[in-house]
Amino acid sequence: MSDVTNLPADIEVWTKEDVRQWLLNDLKVPKEHADRLYDEETSGASLVCFEKQDLLDLGVKQGPAIQIIKNVRRLKDSCKGVKTLAKKDNTPKAHKLQSSAEINKDAVNATANVQEEQVCVHASEGRSTEKSSSEDVRSETKGAASADNSGKRKEEEWKAEKRMCPSRPFDTGGKWYTYRQNDILPPETGPGNLLDPVHEYKLLTNTEDASEAEILKKFTDEVFRFGAACMNRRTNGRIHFGVGDKPLYEHGEIIGLRVPEPQKFIDKFYQQLEKHFAEETDAARSCIRPPQFIQVQHPNDTTSDKFVIEIDVIPDMCYTQGKLFYTFMDTVDEKGKQCRARCLFVREGASSINILACKNERQRFEKMNNVRDYLKVWEAARQARDSNISHEPRKNHQGHRLKQLIAPGRNTLDNSFHYIVVTNKCDQDQLENLQFLVVIRPFVVMDFDPESEVNGSCWFFRKDHIVNLHYPRMFNTSDNIATVIGNLNLFRQTSWVFCNGRLKEEGDCEPLQSSAWLKTRAGEVNDMITFLCKSGVLQTSKLLVVFLLHSFVTDMSSPLLETFSTIYQKLKGTENIVCICKDSSVFSSWRDLVQHRLQTDITDKCIHELSLQEINATIMKMKELQRQSCRRYLPSSGSSSVLLTEKDQELMTVLDILCENECEDTEIENSDLFKTFKKQTEEEFYRGGKVTWWNFYLSEGPGCVPFIKRDKFDDLCNLITPQEGYRTPCVIINLFHHPGCGGTTLSCGKEEQSNYTPVLLLVDDWDDIEDLQRSILTAVHEKRKHDCLMVIILNCIRSQFPKESSSKSRIDNVYITNNLSHKEQRFFQEKLRELKGEHEKPETFYAFMIMSNNFSEKYIENLVGNVLKDVDVSSKEGQLLSFLALLNTYVNSSSMSLSLCEELVGIKNALWQRETLEDKMDPYFTLFTCFKAEDYGTYQAVRFLHQMIAKHCLKVITTKHGVILSEILTNLLHCDLLYKSGIGKDVLTQNILSMLITRHRKELGDDKDTLFSPLVEQIQEMEGTEPIKAVLIEATKRFDKNATVPQALARHFYLKEKDFESALLWAQDAQHKMNNSYIADTLGQVYKSHLKHDIESAKDQEKPLSPGDLEKYIKLATEATKAFKESQELAKKDEYDDCLDQRKKRRLRTYNTSGNIGSMDVAMIIFDVLRDIPFVDETEGLSEHSVLQFLNNKFPASAFRANGNQTNEEFIAVLKNHEKFLVSLKPQVKEGFEFFEEYFTYLKPRSIERETAEDRSKRKISEHFKKYVKLFCPSREEMASERSSKPNLSLQQVIEDARRYLEEKRADTFSGLLQCLNEKNANQMEIILQKWKLITQNSKSKRLSEQTNFILANIVLHCLKPKSKHVKKYEELLSLLNLILQEGGTYSSCTELYYMSMMLLWPSRDVNENMTTCKNICTYVSSIKKSFNRRFSYMCHAKSPTSHFYLGKSKGLRRIIHKGKLDQSLDKDESTKLHLWMSGAVWREKEVEKLLDRVKGTTENGEIYLRYPGNLKIPVRPVYLGGIRSGGSIENVSFYLGFSMDGPVAYDIKYLNDM
C-alpha cells in the first residue's frame, strides 16, 4: 500500500489538499490528473465513492484510473478492522472521550499492537479501543497491522530508538523549546517538596468519532481537573498532552498531537475557565498558565507537524491562601441525563482524586474534614518553601566571561581568528539573534539541523551573505590540502557543512537518527575534523570552536557529543573550545554528558546564564569599528553611482575593491579611537607595511602634506587617461619598478585618484597578463560594449633593471627606479618634517627613511649595524634573524608565518597572547613587519621591512659574526620545525627551493643570466665548490621526493666540477622521482657536456682523434640524443614549466623545446668530429666529401677503403658499428629545422613579452642552420664547378640541386615559404618558384607536400609581385589543388593542404559562380581543425595559431591579402603599427577597411558560422575567447576573416544589432 504516514489514517476525513498530496507523492500520478481532481473539489469522502468510469469521465487516463481505484480500496480495507472496534462500543460519546489513564487501565489485558494514536482538530488518527480478550483484539486489528507493515521502515527505526529527555523548564515559555519524538520524559510523580512540579501525561485518544467541540471540551476538562488538584494540594504541576503511556507506549513517551489551529485551544481554555471555577475564576486564572505548544521533531532532527501541549500550574499563596478550589464538570446522572457536578480534586500520588465522588456521605464528610485539616499543613509547608527562595537578583558575570572566551586576550574580535561553529536546530523566532555569526565570519559551520537551509541558521545567514553548502565527505578526498581548500573555496567564503544531511535530499544525504548516524556519518565528520585541525589548514593559536546549543543534548550517542569528543581529542583539550548554551538546563545536561564521556569539567568554557539576545548584543558590540562605509558605492556612467552589496563583494573573493566613499562616514572615523588609528595606520605604512586606501585618505586631510608622487606619476596618468582615449574594451599598462621603491604605492595612488568610469584593475607582478585580458574580454562582450573602454589593467612588475625592461617591453609602460630626483627628495624632506610633528620616533619608519635617504647604502649599513650590535647569532632569536635575512635577500617578498616564528623562539600559549614575538625579538623586531599573507588560506606572516635591510643584516651576520652563508643554509635545511605541517609551510618550502634552484634570467627582468641561483653562485664565489655540493646534498635529504634539487646537483657536477659520473647519478635520481621533459633534458645535457668536455680536452692537449675516442664520442652522443628525444616526447605531456619560479604569481606555461635544440647541438658536434678524422689518402681514403656522402646515406661505411692502414680500419669499424645512428643525424637536424620553422611561423606567443624568451632559441637555430648549409648545401661556385666538370648532368641531379638551393634559402617547406613573405624580395621569390616548378613537374613521385608548396609559392610571389609572368592563374592553381585533394582525401596529416584548400576554395560573394568548386569547403575546414589538433595541439599552452592571410574584396588570387600588405598600407612607424595590432585598432583604419572584406555570419550556441547559398554553413573561430557573448543567443554579426593553420578566424566581431 502507498505510504500515507503523514495523512489521517481514515481516508474519508481527507481534505482535497490531502487527496492531491497522496496522488502526487505516494502514487506518483501525473500532475495534471491530480490537479483535475483537486479542481473538482474531490475530498477523501468523495474519492471513496468513485468508480473507474467516473475517473475516465473526468479525463483521467486508463492506467492512473485503475491505480487510484485499487489503492483507495486498500486504504478502505485497512481501516475497516479498526473502525469496527469503535462501532461495538455502545457507550455515549461523552463517555468515549476517556483520559489516557482510563484507556490504559481498560487496555491492560489487551496484547494487540495498536497503531499510534493522535489527535487532530479536524479528525483523529486514534485507533485505541477496548477489547475483552487479546484474541478478539488481534482479529479485529488485522487490517491495521497490515497498514503498519506498509508504512515507512524509518518510523519503525525511530520507535526502536528511545532516550530520556528532560521536560521543558518549569513556568517558562515554550516558544523556543522542542521535543524529539519517541524520547522519554521523567515518570509521573506525586507531590514532593511542592516546588518541583508533579507531572501528568495524556494522549487524548479514542477521538475518531468526536467533534471539534468535544475534543476541546475534553482538553479543558483534563486541564482544570489537574489544575484544581494541584492548587488544592498547593503543589506546582504540569499536565502534558501528546505523551503516551503503557501498554501502547513507554511511560512518558513523546508522541505529539497534530494541532492545526492552536488558538482554538487557547480560546477554549479561557472560555471554560469561569465555567469550571465560578467565583474563584480570577485566582485560578492567576495560578493556571495558558497552554504552551512545544514543537515535536522527528528523531532525525527534522520538524514534524506535531506538538506537545503543556499547562503549568503554580498555586501562588497570594491567591490560594485558605481556599479550596471546586470545579464544575459535565457528567451524566443515574437517569442518563446531562448535568453539572461539583468536584473537589486533590492530588494524591500520581493521580487526581475527586473527594466529592464518594457515594457514602459519612466517608465523604470525613475526607472533606481531612482535606481541610491537611490544607493548613500544606500551606505552611508551601510558605516555608517559598521563603527559602532568594528573590535577590543573582550576580551574573557571564557577559565578561563571554568576551574573554570569544576573543582571548583582546577586547575586540580579531580578524585573524578562525571560528568553527557547531550548532543544532535554532528556533525560527531566535534567528534574528544570530547576527553575531556575520561578525565572527565562521570559517566552517558544522550544522546538525537538516532543515537549516530551508528555515534555520543557514537560511538566515544566506539572506545577505555568501556561503558554500558542503557535506563532510567533501573534505575527505585523496587530494592534497591546497586542492581541497581551492575546490571548497575555504578562507574566502564560509563553508556551511550539513553534518546530518539536508531536508528533501535522498540517498546518502537524507537525515539520520543517532544510531544510524554513528554507523554511517560519524567517520566522515571525524575525518573532516581531522582535516580542519591539521596545522597546515588552521593554526591552533588562531582557532576557536564554538558549540552553539539551542536545545537539549541528553543522549550519550548524540552526534553533537561525538563531534565534541573528536574535536577535544584533535585539539588536545578544551583550550580552543567555547560552549554557548540556550539556558542553564541545556547547560546542565551538556556538562554532565561531557563529564561522563571525557572525564573533564567544561563549566568554565560554557556560557549559559545569558539569553541568545544578550549573547548576540555582547558579541556584536565586540566587533572592530568599521573601517569601510556601511553602504559602499561604485562610480557608474553619467556621474552616477551604484550600490555594491556585501553579498556581491563576497562573490569577488580575489579583488580588493576601491569604492567612491571608501573611507567616508566610517565608525572608526567617528570614534574616540580615530587619532590612535590614524597614527597606527601611518606608522605601519611608513615602517614598510603594505599601502592601504586609508593612507591615501589620511594624507589628503586638512593640514596634511599630500602623498608623495614620484615624477613618473603624471606619465602614468597620461597613459591611463590619454587625450584621444582608447577604442578597445581592455588595455594593458605595465609599471616596471625596483622592489621597495614605491611602484605599487604609485599605482594604488593613481587608482585612488581615478574618477574614470572604466575599471582600473591593479595586479601585482602577473605573468600571463594577456590571458587575463582575454578573460576580461569574455565578460566585456556580454555587456555589448565592444568599442568602449571598460577595463584598464595596470600590472606592477618588479625588475632589477626597470629602465631596460621598459625599453624591451612592447606593451605601453612606465618605469620608476630606486634613484630619487632632486624634486622628489625635497618632497620626502617636507613629508619627514610633517611626520616629526605628529609621531614620536619617525626615524624608526625605516622604509620611508630609506627612500628619504635616496636608497643610500651607507644609511642602511649604519641602521643595521646599530640594531644588530649586540645580536647573539647562536640564540633562537639570532637563528630566526639569520633565516629571515637569508630568505628575504634571495627571494623577494618571502616570509615566515607568525606562528612558526613564535615556535622557533619558544613562545607558548599564543592563543592567550601571554608573550608576543615583538617582545621576544626586541630590538630586532623594529626591522620586521607583520602582515596578512595568503597561501591557500590567510595567515599572519613576518618579513623584513625592506630587501636592502635584509641584505645588510645578512652581511653583518656573515662578516662581523663569522657565520658563512652555507652554514646558515645548512641550519635552515636541518631545522625540522620549518618543514612540519603548518599554515604557510608550502609557501616557505617553495621559497627555500626557489632560493636553492631558481636561476636569474634577463628576459624576466633580472640583472643577468645565471647558471645557478644567486645564492648558490654567491656561495661558490665566497666559499668554493665543496660547500655547494654539501648544501645541495643536504637539500636532497630534506626534499627527498623533490626532483629539482637532484637536478640542480647534477647540473652543479657537470658544469662546475666536470664530475660527469656523479652528475649522471643525480640526473637519473631526479628522473626516477619525476620524469618530465626538463629532467630528461638535464640527463641529455650531462651526456652532451661530457662529450664537449672530452673533445675540448683532447684539443687542448693537441691529441689527435683516435678510433677509441671516436667510439667514446659516438656512444656519448647516442645517449645524449636518446635523452633529448625522450625530452621531446615528454614535452608533449608537460602541463607546465617546472621551473619553480616563485617570483611570479603563476608558473610559466610553455612548451619545452630544449630537447629539440639539444639533439641538434649533439648532431653538430658529431659532424665536426667526423670531419676531423685524419685522412690517409684525400682521394681514395676517408675524404671529407665521402664523409658527407656517408652522412647523406649515399655512401655506406663498408665502401670506405683502409688501404691497409690499421688506424683507418679501426675508424671504419667504428663507423660501421654506429652507421645507423650516424646516418640518422642529418635527417634529425633537418627535422629539427622544420619543426622550429613551423613552431615559430604557424604559432605566435599568447603574450608579446614572451617573444623575447624565444629570441635566444632563434639565434642558436640560425647559427646551426648556417653551419648546416655550409656542410650539406654546396655554394654556387661549387655547383658551377660541378656542372662544368660534368656537363651531362642527369635530370635527377638537376632536381637534387634545386632541392639543395631551396633548402639553403629556407624555402623548401611550407612554413619556410610563408617566411618568404617577409624575408625575400620578388626576384628571389621568382627563382624559388622556378625551382619548385622544376621539382613538381619532373619528380617521379608526386608528393602532396611538394605540390602544396608549389601552390603556396605562386601565392607568395603574387603577394610580392602580382604581375609576375611566372605566377599561375587562379583557375590553374584551383585545378591543381583539386587533383591533390583527390589524392589526399579528408584525413591527411598534411595540414597545409587543407590550409590552401581553405584559402583558394573560399566562397566568393557570388557563390553561384563556383558552386561546384567550393561545395566541399565545410569538409576541408573540418579536416584542417582535426589535422592541426593531431599535429600541434600540445604546443598551444602558451601559443596560438596566427593568420598570415586575410580575405580581401577582390576575386581570384587578389582577394588573398597577406599581413605585410596591411602593414604597408598603414604608412606608420613600427611602434605605432605594433600598438594598432595589439589594441585591435588596426581593424578600424580606413586603409585596412578598403582592403579587407567584412563578411556577415551568425552566432549559435557560442560558435560563429558563415552562411552561403546552397546550404553552406562554415564554422569560424573567434580570435579571442571573449569574441562572442555567452548565452548561446542566435545573433547576426560581421567580422574580418583570417586564415590560420587551425581554420578560419574571425577578427573585430561586431553585432549588427548594436551598430
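Surface exposure of segment 1070-1127, expressed per residue as accessible area with a 1.4 Å probe, stands at 46 Å².
For segment 506-549 and segment 1432-1470, write down the distance between their C-alpha centroids in whole Å. If you average the Cα positions of each part, the centres end up 59 Å apart.
Distance between the C-alpha centres of segment 265-281 and segment 1348-1362: 109 Å, rounded to the whole angstrom. Remark on VAL1533: its backbone amide H falls under 5 Å from those of GLY1497, THR1498, THR1499, LEU1552, a criterion applied only to residues 5 or more positions apart or on other chains, H modelled at 1.01 Å from N. Looking at segment 408-513, the trypsin sites (Lys or Arg not before Pro) that sit in a DSSP loop and have at most 16 other Cβ atoms within 10 Å of their own Cβ are ARG410, LYS463, LYS504. Spin-label pair SER565-GLU915: with each label point 7 Å from Cα along the Cα-Cβ axis, the two points sit 3.7 nm from one another. Over all directions, the projected convex hull of the C-alpha atoms in segment 960-1097 averages 10.1 nm² in area.
Sort TYR1547, TYR1520 by heavy-atom solvent-accessible area, probe 1.4 angstrom, most to least. Spell out each step's value before the answer.
Numbers: TYR1547 20, TYR1520 95 Å².
The ordering from most to least exposed comes out as TYR1520, TYR1547.
Annotation: PHE674 carries an accessible surface of approximately 40 Å², with a 1.4 Å probe and no ligand, DNA or RNA atoms counted. Ranked by the mean number of other Cβ atoms within 10 Å of their residues, highest first, the peptides 971-978, 1213-1220 fall in the order 1213-1220, 971-978. Measuring nothing but how far apart in sequence close Cα pairs (under 8 Å, 6+ apart) lie, relative to its length, segment 568-706 scores a relative contact order of 16 percent. Look at where the Cα atoms of segment 1190-1210 and of segment 804-863 average out, and the two centres are 73 Å apart.
Per-residue counts of other Cβ atoms within 10 Å, averaged by peptide: what ranking do you get for 613-623, 1058-1068, highest first?
Ranked from most to least packed, the peptides come out as 1058-1068, 613-623.
For each pair in LYS1056/LYS1270; LYS1226/LYS1258; LYS623/LYS690; LYS1230/LYS1368; LYS876/LYS960; LYS623/LYS675, compute the distance between the two Cα atoms and list the pairs where it is over 27 Å.
Over 27 Å apart, Cα to Cα: LYS1056/LYS1270; LYS1230/LYS1368.
The candidates TRP694, TRP176, arranged from most to least accessible area with a 1.4 Å probe in the full protein assembly, appear as TRP176, TRP694. Under a 5 Å amide H cut-off, with hydrogens placed 1.01 Å from N, ASP330 pairs with ALA341 among residues at least 5 apart or on other chains.
Sorting the segments 958-969, 861-872 by their residues' average number of neighbouring beta-carbon atoms within 10 angstrom, most packed first, yields 958-969, 861-872. For the cross-link pairs LYS1363/LYS1451; LYS985/LYS1008; LYS425/LYS572; LYS1361/LYS1449, the ones whose C-alpha atoms lie over 22 Å apart are LYS985/LYS1008; LYS425/LYS572.
The values are calculated or read from the model by the stated rules, or taken from the named source; none is laboratory data. Note that the structure is predicted; figures quoted are calculated from it, not measured. Neighbour counts run over all protein chains shown; Cβ positions are idealised from the backbone, glycine included. Accessible surface areas use protein heavy atoms only, side chains included; no ligands, DNA or RNA. Shrake-Rupley method; radii C 1.70, N 1.55, O 1.52, S 1.80 Å.
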